[in-house]
Amino acid sequence: MKAWDVIIVGAGPAGLAAGIYAGRSQLKTVILDQMMPGGQLLITEQIENYPGFHDGITGFELSEKLRVHAEKFGAVIENGQPVSSVDLDGNLFVVRTEGGEIKGKTLIWAAGSIAKKLNVPGEAEFIGRGVSYCAVCDGAFFKDRVVAVIGGGDSALEEALYLTKFASKVYLIHRRDKFRAVKIIQDRVKRNEKIEPVLNKVVVSINGTQFVESLTLKDTMTGETTELPVDGVFIFIGNEPNVAPVVHLVETTEQGFIITDEEMRTKTPGLFAAGDVRHKFLKQVVTAAADGAVAAMSATKYLEEKEG
């Protein structure tokens, strides 16, 4: 089995940017992803802060541009390839997927993260029947309905704003007395008559028969519980990194994010991490792409030094 120069796991902004830089460095490069290229971009309606697109760009459009760019420089993208495990065979990384196993001289782990769950009664039971983690995916199903958004960060408020295109009312539920989102997004929420903030409340359970019918909320100050009738609930309380296949090869924070140096190197030589899976201050599309570029150039440097 011939080894790839670079195996990239994850075809989001970090992985695709890594593919661009690795391919441009004349490295034999493959990008594996369990879905289509784009990652979280595919469920992002509008991106307003990616440099150069001052009028904004949809997540799908940016995904396509990154995919085409990576393929232009020779990166091979393989969809539907969730990675089950990663091991070392001498100096080579062995990456196993449903389609078999491949070997690489270097590995860039850019597998991103998944939405955190509330882990309350009713959440798992009503996924796809009123519980969602993607407003862009499911918002249109709630035309003229009442929905709730759980969370207080940028994503939660942005998704609440997006849902007002469809829903008749959006409750924005947050466990604290104020939101964490940047001021410009908070101002938009305040101006939107369809959005009603519900502060100092946590979801105790998600209720219904066949579909979601209500939420049981607990006041974080008084402990009092109340019932809130809704037709759907969208949960945006953060993300958990996809690290399980490589966790034995890296160092992580208590939250599970991979620790790297400024060159995206992990504790295992030849293994690099990029994007939302990495421990860092700011998780944005532009920083993910930057991580990918650095990781690819670090992989290039590693191979040059190793192979003389």
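When the Gaussian network model of the chain links Cα atoms closer than 10 Å, the mean-square fluctuations of Gln186, Gln26, Gln210 top out at Gln210. Averaging the sequence gap over all C-alpha pairs within less than 8 Å and six or more residues apart, then dividing by the number of residues, gives the range 117-235 a relative contact order of 32 percent.
Ranking Phe211, Asn192, Phe234 by Cα position along the charge dipole of the range 177-272, where only Lys, Arg, Asp and Glu carry charges on their C-beta atoms, puts Asn192 farthest toward the positive end.
For the chain, build the charge dipole from Cβ charges (+1 Lys, Arg; -1 Asp, Glu) around the Cα centre, then report which of His69, Pro269, Ile47 sits farthest towards its positive end. Of the candidates, Ile47 comes out farthest on the positive side.
Electrostatic bookkeeping for Lys117 treats Lys and Arg as +1 and Asp and Glu as -1; over the other residues with beta carbon under 10 Å from its beta carbon, the sum is -1.
About its Cα centre, how strong a charge dipole does the chain have in debye, to the nearest 20, once Lys and Arg get +1 and Asp and Glu get -1 at the Cβ?
320 debye
Note on the range 117-235: Cα-Cα pairs beyond 22 Å make up 26% of the total pair count.
Can you give the local net charge around Tyr162? Use residues other than it whose beta-carbon is closer than 14 angstrom to its beta-carbon, Lys and Arg +1, Asp and Glu -1. Can you show the working numbers first?
Numbers: positive: Lys143, Lys165, Arg188, Lys194; negative: Glu45, Glu48, Asp138, Asp154, Glu158, Glu159.
Summing Lys/Arg as +1 and Asp/Glu as -1 gives -2.
Evaluating 6.51 cos²θ - 1.76 cosθ + 1.60 at θ = phi - 60° for every residue in the range 170-184, the Karplus couplings come out as 10, 7, 10, 9, 9, 6, 9, 8, 8, 7, 9, 5, 5, 4, 4 Hz, glycine and proline recorded as x. Among Ser205, Ser113, Ser168, sorting on how many other beta-carbon atoms sit within 10 Å of each Cβ, with the fewest leading, yields Ser168, Ser205, Ser113.
Given a cut-off of under 8 Å on Cα pairs at least six residues apart, what relative contact order in percent is computed for the chain?
Contact order relative to length: 21 percent.
Cβ crowding within 10 Å ranks Leu157, Leu88, Leu107 as Leu88, Leu157, Leu107, fewest other Cβ atoms first. Taking the Cβ of Leu199 as the center, what net charge do the other residues with Cβ under 15 Å away carry, scoring Lys and Arg +1 and Asp and Glu -1? Counting the neighbours of Leu199, the net charge comes to +3. Which log10 I(q)/I(0) values does the range 165-204 give at q = 0.18, 0.19, 0.21, 0.29 Å⁻¹ under the Debye formula, counting every alpha carbon as one identical point scatterer? Each listed q corresponds, in turn, to -0.53, -0.59, -0.70, -1.08. Taking amide H atoms as placed 1.01 Å from N in the peptide plane, the amide H of Tyr171 lies under 5 Å from those of Val147, Ala148, Val149, Glu196, each 5 or more residues away in sequence or on another chain.
Values in this text are rule-based calculations from the coordinates and carry no lab data. Note that the structure is predicted; figures quoted are calculated from it, not measured. Cβ sites come from the backbone with ideal geometry, for glycine too, and all protein chains shown count toward neighbours.
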